[in-house]
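Working notes, beginning with the structure itself.
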Amino acid sequence: MRQLQGMDASFVALETRTSPMHIGSLLIYNPATAPGGFVRYKDILRFFESRMQLSKTMRQKLVRVPFDLDYPYWVEDKEFDLEYHVRHVALPKPGDWRQLCIQAARIFARPLDLSRPPWEFTVVEGIDNVPGVEPGSYAMVTKVHHAAIDGMSGIDLMEALHTLDPNTPPPNEPDTWKGEDPPNFAELLAKSWINNLANPVRQLDVAAKAMPGVAKAIKGLISKDFALHGEMLAPRTRFNAVISANRVVEGRSIPLADIKAIREAVPGAKVNDAFLTVIGGALRKYLQAHEDLPDKTLTAMAPISVRSSGEKGDMGNQVAAMIAPLGTHLADPLERLAYVHSQTINCKAMTDAIGARNMTEISKVSPALFMALGAQLYTRLGLADRVGLPFSTVVTNVPGPPVPIYSSGARLESMMGLLCLTDGLGLGHVVQSYCKEATIAFTACRKLMPDPDFYAQCIEDSFTELRDAAKAAPAPAPAEANKEPKPAKAEKTKPAAKKGAAKSGKNKTK
C-alpha cells in the first residue's frame with residue numbers, strides 16, 4: 001500500500017462527471033508484422049497478461065480516505081480482471097478518420113470506474129477507409145487516470161506494453177504479483193490523523209528548502225535576469241468557461257525535420273518554441289474566424305518533467321509548469337516565433353530560479369481536505385465562468401520512441417495524445433513525437449468547440465505558413481545558426497493517423 005502525493009491527489013479531487021481526470025492516446029497498429037499477418041483480440045489479452053509485471057500501474061486501485069481527510073492510497077487489487085480493462089469495438093462502414101475521432105472522443109469522455117484500477121484500453125476495428133492506413137489495421141484508445149501517471153511515466157507504461165521487435169518472447173521472470181486487502185475505515189482514519197499531525201512539520205521542511213529558490217527569484221527580478229509582466233496572464237476566451245461532459249479530439253502529424261528547419265529561422269529557438277508558435281497561429285486563425293480573438297496574447301501552461309532517472313517507471317506525477325505566451329496577437333509567423341522564443345527564455349529563467357522541483361514538492365504538503373473542498377466548490381459554483389485561469393490552454397510535449405515499436409506483434413504506426421479537461425480549461429494540446437514525425441493533437445469540450453475539423457485545419461495552415469516563411473527567410477549568421485541541417489524537401493502536413501503504412505495484405509483483427 002502506498003499513499004498518493006499532493007499533485008496526484010489533486011486529480012482525484014478534481015474528478016467530476018463532466019471532468020474525468022484521465023489522459024491517454026489514440027494509437028494505430030498495422031498487424032502485417034504479427035505472426036500470420038493478423039492479430040486477434042485474444043492475442044492482445046494474452047500479450048498484455050504476459051507483461052503485467054513490467055508495470056506498477058496496471059493492477060493497483062485507489063482507496064479514498066473517509067471524508068477526504070487525507071490523500072488516497074494505492075493498493076493491489078485482489079479482484080483484478082484484465083478483460084474488464086481491455087475492451088473491443090468496431091466502427092461501422094466506411095470506417096474513416098472522422099468516425100475514428102468521434103468514437104475516440106465518446107470513449108474518452110466516459111469517466112473511469114475508480115473502484116477498479118483506473119485504466120481502460122479499447123481496441124477499435126474497422127478503420128478501413130483512413131488514407132495512409134492499411135485496411136485491416138486497428139486502433140486502440142487508451143485511458144489512464146492522471147493520478148497514476150504523467151506524460152513521462154505514461155511513456156514508461158507504453159514501453160511495458162510494447163517491444164522493439166515483433167517476435168520478442170514474453171518476459172522470463174515469473175510474475176510474483178499478489179493482491180492485498182484494502183485498509184478498513186478505522187485504519188484509514190487513524191493514518192489520516194497521524195499524517196495530519198505530521199503535515200505542519202513537512203510544510204516547514206518544504207518551505208525551508210524553497211527559500212533559496214525564492215531568494216534567487218527575487219534577486220533575478222532585481223537584476224532583470226527575467227521579468228514579470230502582464231502578458232503572462234491570459235485574457236478570457238470561449239475555452240475558459242464551464243465545460244460539458246462531451247469531447248472532441250483531432251490532430252495533425254508534422255515531419256520532425258520540418259520543425260527542426262523552422263527553428264533555424266530564429267537563432268537559439270528550440271523545437272518546443274516552433275510547436276508553441278504553430279499552436280499560437282492556429283488559435284489566432286480559429287478565434288479570428290469566430291470573431292473572438294483578444295488583442296492580448298493567449299498563453300499556454302507547459303508542464304515540465306522533474307522526474308529523475310531513478311524515478312523512471314514510478315507511478316504518479318513529477319511535473320512542474322511554466323506559463324508560455326503564444327503570440328496570438330502577431331500575424332507574421334516568424335515574428336511570432338521570435339516572440340515565443342524570447343518569452344520562453346524568460347519563463348524558463350524564472351522557473352529555474354524558483355526551482356521546478358520545489359514547485360512539485362510544495363504540492364505534496366497541501367492539506368487534502370482543503371484541496372478536495374476547493375476543487376468541488378470551484379465546479380459546483382460555476383466559478384470558471386467568472387474567475388479565469390492564468391493560462392488559455394495546455395500544451396504538453398511528450399517525447400515518444402525514436403524507433404518503431406510493436407504490441408502483440410503489430411507495428412505502431414501513429415500515436416496521438418489525449419488530455420483531461422476541467423472547468424475553465426476547455427482545450428488542451430499534446431505534442432508527441434514518434435520516429436520521424438510529431439503529432440499536434442487536441443482534446444476539447446464539444447460545446448466550446450463544435451467544429452474540431454476546422455481547428456485541425458487551422459493547425460495545418462499555421463504550420464504551413466510558418467514552414468514556408470522559415471524557408472523563405474535569409475539564413476542566420478553562421479555563428480548564430482543551429483547545428484541541425486535543413487531537410488532538402490518539406491513534406492505536407494497530414495492527419496495524425498494518416499501515416500504511410502506497410503505493404504498491403506489481408507490483415508485483420510478478430
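The values are calculated or read from the model by the stated rules, or taken from the named source; none is laboratory data. The model shown is predicted, which means the values in this text are computed figures rather than measured ones. Cβ atoms come from the backbone with ideal geometry, glycine included; neighbour counts cover every protein chain shown.
Key figures for this structure:
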{"item": "Within segment 51-105, strands (runs of 3 or more DSSP E) holding 3 or more residues that are out of contact with any Leu (no Cβ under 9 Å at 6 or more places or on another chain) and surrounded by fewer than 17 Cβ atoms within 10 Å (Cβ to Cβ)", "result": "86-90"}
{"item": "So Asp113, is it assigned to a loop (DSSP other than H, G, I, E, B), more than 23 Å from Glu413 (Cα to Cα), within 25 Å of the chain's Cα centre (by Cα) and not aliphatic (A, V, I, L, M)", "result": "yes"}
{"item": "Residue selected from segment 434-475 under the condition among the polar types (S, T, N, Q) and in a strand (DSSP E or B), by the criterion surrounded by the most Cβ atoms within 10 Å (Cβ to Cβ)", "result": "Thr443"}
{"item": "Among (1) over 21 Å from Val248 (Cα atoms); (2) in contact with a strand residue (DSSP E or B) (Cβ under 9 Å, 6 or more places away or on another chain); (3) at pLDDT 95 or above; (4) not basic (Lys, Arg) - the single one Asp81 does not satisfy", "result": "(2)"}
{"item": "Asp128, sole failed condition from (1) in contact with a strand residue (DSSP E or B) (Cβ under 9 Å, 6 or more places away or on another chain); (2) without any contact (Cβ under 8 Å) to a residue 40 or more places away in the chain; (3) surrounded by fewer than 22 Cβ atoms within 10 Å (Cβ to Cβ)", "result": "(1)"}
{"item": "Those residues of segment 1-51 which are within 23 Å of Ile107 (Cβ to Cβ) and of a type in the set (Asp, Glu), in sequence order", "result": "Glu15, Asp43, Glu49"}
{"item": "Selected residue (only one of Glu484, Glu465, Glu460 is assigned by TED's automatic domain parsing to the domain that holds Asn240, modelled with pLDDT of 70 or more and in contact with a Lys or Arg (Cβ under 6 Å, 6 or more places away or on another chain))", "result": "Glu460"}
{"item": "One residue from Ala245, Ala215 being at pLDDT below 95, among the hydrophobic types (A, V, I, L, M, F, W, C) and either part of a helix (DSSP H, G or I) or on the phi < 0 side of the Ramachandran plot (or both)", "result": "Ala215"}
{"item": "Filter result (in a helix (DSSP H, G or I), under 25 Å from the mean Cα position of the chain (by Cα) and either of a type in the set (Phe, Trp, Tyr) or not assigned by TED's automatic domain parsing to the domain that holds Leu157 (or both)) within segment 1-46", "result": "Phe11"}
